[in-house]
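Quick note: the coordinates plus some simple rules give every number you see, no bench work behind them. Bear in mind that the values here come from a model prediction, so they are computed numbers and not experimental data. Reconstructed Cβ throughout: ideal geometry from the backbone, glycine too, with neighbour counts over all protein chains shown.
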Amino acid sequence: MKKVILSIEGMTCSACSNGLEKYLNKQQGIKQATVNLVMNTASIEYDDKKLKLEDLNKFVENAGFKSLGIDTHEKEQKKNAKEKYKLTFITIISILILYISMSHMVGLPVIPFLHMINHPLNYTIALFILTVIVLILGINILKSGIKNLLHKTPNMDTLVTIGVLASFIYSLFASYQIIKGKTNYVENLYFESAAIVIFFIEIGKFIENKNKNKTKEALQKLMTITPKNAVIIREGVKIKVTIDEIQKGDIVICKPGEKIAVDGQVIEGSTHVDESFITGESIPAKKEKDSNVIAGSINYEGTIKYRAEKIGKQSTVSEIVRLVHEATNTKAPIAKIADIVSSYFVPTILIIAIIAFVIWYAITRDFAFSINIFVSILVIACPCSLGLATPLAIVIASGICSQKGILIKSSECLENAHKVKTICFDKTGTLTNGTLSVSKIYNYSDETDNEIIKQIASIEKDSEHPIARAIVNFAKQNNIKLEKTTDFKAIAGAGVCAKINDNEYLIGNRKLIEEKHINIENANDETALAEEGNSILFVSKNKKVIALIRS
């Protein structure tokens with residue numbers, strides 16, 4: 001069995017996704033298919049011995065939609081810009097149609113040569129031309145409605161299409177009567193109704209797509225964790241390549257401040273890297289020869305060379321994206337109920353609209369009034385909110401969780417989360433925020449805590465170590481101005497030293513203090529902090545420990 005996620009084009013409402021899902025699940029060789037309206041994807045598990053990717057694309061096409069191949073989570077910026085321009089043009093034309101057809105009703109100046117009473121033919125031709133333009137711009141809605149009706153999977157677009165075409169065709173009949181000289185039919189023109197319905201539907205789709213795109217941002221942010229480029233060594237020459245060009249076994253160089261491009265194993269050098277986005281650990285992990293590195297982690301100190309082991313979709317980050325994406329493609333029990341209801345909704349509305357038309361025509365014998373009732377029922381009824389609300393909420397929740405470092409295995413798990421009363425964590429050390437911060441200062445000097453931080457941050461501002469950055473950030477947050485330092489020196493694996501106003505400072509771990517033969521008078525505080533799993537920073541001034549910093 002194999003599983004793929006296809007990007008689907010042409011789905012506009014829950015009836016579309018339900019229809020495609022039912023059709024795919026009926027095909028031989030497909031074990032399970034789940035269609036996600038929000039992400040516009042279809043997650044398909046199939047027998048790769050019986051079916052190929054081309055067969056799956058063919059199934060999607062037979063169902064009335066278009067497969068864009070395996071989903072890559074990429075933004076559709078060009079398509080979004082095109083839709084924006086189209087909506088702007090439709091808006092302008094629709095406003096013009098409304099003005100021509102209704103200006104006399106609200107007391108606005110009427111365009112003389114388009115007056116519906118004095119120049120009914122000009123009035124009719126103008127509305128006809130402008131309405132045709134709007135229908136051409138909204139042709140996708142009409143095509144979708146007709147296509148889904150032919151495939152026996154009517155959707156919201158089907159309702160709109162039938163209503164719009166009914167109004168337009170009846171207006172054509174009225175136009176013919178006007179051309180023949182029966183100008184009283186000018187009151188029975190519904191061109192503006194057809195155009196304005198398309199206008200409002202386009203507005204709704206634009207807003208809906210905008211909200212959908214926002215829900216995809218979390219996945220796209222995950223994809224940008226890894227850098228776009230990297231430097232590799234091939235045949236003894238350094239080459240800058242994109243991460244897609246990196247091959248398994250390539251030797252990659254990573255300098256301080258850069259991100260690890262692909263998962264691999266260190267073959268030369270040592271450093272500390274920030275892997276908090278994966279592990280949640282605020283303390284950087286030390287990496288040396290034979291250590292494994294994860295794509296997207298940040299190199300803090302030294303330059304390292306590592307061998308590429310997992311590239312592309314095999315990387316840890318890609319696996320996380322796949323898990324999050326698959327979670328958004330699973331269906332919660334409540335979503336399945338909504339799907340069942342919405343699948344019966346469209347046919348029911350069609351039947352109600354037809355019955356209403358027949359009854360009103362039988363009572364009034366007024367075809368124009370009856371067709372207006374028919375169109376109103378079709379256009380107002382919309383199952384999209386029913387079928388879209390639940391999956392949209394699930395995708396947003398999964399995306400937010402992934403940003404917070406929480407991976408949701410399935411939508412069912414997410415729905416059941418409200419039943420959780422107790423959470424047990426099995427984790428070495430303590431639960432962290434993923435970033436280092438100054439949590440407490442043990443001050444053994446006559447100076448204030450702010451003066452101690454001022455001295456430490458002044459020295460640590462020249463260090464790339466994450467603990468140093470945490471202290472500098474703490475000083476900035478508290479508006480502490482830094483001082484000038486001299487004789488700064490970083491001691492690998494131990495700490496730093498420098499001078500401020502001829503005072504000699506050592507800042508680092510216990511190893512550094514012991515090597516400099518400095519007496520630790522408050523060892524009990526250090527022992528208590530160490531037992532709690534804290535990171536401890538010793539601060540020495542003129543060979544005397546003046547503070548301990550807990551982070």
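Counted by Cβ distance under 15 Å from Val438, the other residues give a net charge of +3, where Lys and Arg count +1 and Asp and Glu count -1. When +1 charges are put on Lys and Arg Cβ atoms and -1 charges on Asp and Glu Cβ atoms, the dipole computed for region 227-314 relative to its Cα centre reaches about 240 debye. Summing +1 for each Lys or Arg and -1 for each Asp or Glu among the other residues whose beta-carbon sits under 10 angstrom from that of Thr485 gives -1. Ordering Pro154, Phe173, Tyr123 by the projection of their Cα atoms onto the charge dipole of region 79-196, which places +1 on the Cβ of Lys and Arg and -1 on the Cβ of Asp and Glu, puts Pro154 at the extreme positive end. Sorting Asp157, Asp366 by the number of Cβ atoms found within 10 Å of their own Cβ, with the fewest placed first, yields Asp366, Asp157. Evaluated with a Cβ-only charge set (Lys, Arg +1; Asp, Glu -1), region 79-196 carries a dipole of roughly 420 debye about its Cα centre, given to the nearest 20. Across all directions, the shadow cast by the convex hull of region 2-70 built on its C-alpha atoms averages 3.7 square nanometres. Close amide-amide hydrogen proximity is noted between Ala547 and Tyr444, Val539, each under 5 Å apart and 5 or more residues distant or on a separate chain (H modeled in the peptide plane; Pro and chain starts excluded). Test of the criteria: in region 131-165, which trypsin sites (Lys or Arg not before Pro) are in a DSSP loop and have at most 15 other Cβ atoms within 10 angstrom of their Cβ? Listed in order of number, the matching sites are Lys152.
Region 447-500: Rg/Rh from Cα coordinates, Kirkwood Rh?
Details: Rg = 10.6 Å, Rh = 11.2 Å.
For region 447-500, the value is 0.95.
For region 79-196, the square roots a ≥ b ≥ c of the C-alpha gyration tensor eigenvalues yield an a/c of 1.5 or more together with a/b not exceeding b/c, which makes the shape oblate. So if the hydrodynamic radius of region 227-314 is defined as the Kirkwood radius over C-alpha pairs, what does Stokes-Einstein give as its diffusion coefficient at 25 °C and 0.890 mPa s, in µm² per second? Translational D for this selection: 194 µm²/s.
Taking 21 Å as the limit for the C-alpha separation, the pairs Lys26/Lys50; Lys3/Lys50; Lys454/Lys484; Lys3/Lys26; Lys22/Lys205; Lys82/Lys143 exceed it in the case of Lys22/Lys205.
Ranked from largest, the principal axis spans of the Cα set of region 440-550 equal 33, 28, 27 Å. Look at Thr279, Thr88 and count the other Cβ atoms within 10 Å of each Cβ; fewest to most, that gives Thr88, Thr279.
Would you mind ranking Ile278, Ile355 by Cβ crowding within 10 Å, fewest neighbours first? Numbers along the way, then the final one.
Numbers: Ile278 18, Ile355 12.
Exposure proxy ranking, most exposed first: Ile355, Ile278.
The residue list Ile239, Ser297, Val273 was ranked by how far each Cα lies along the charge dipole of region 227-314 toward its positive end, using unit charges on Cβ atoms, and Ile239 comes out on top.
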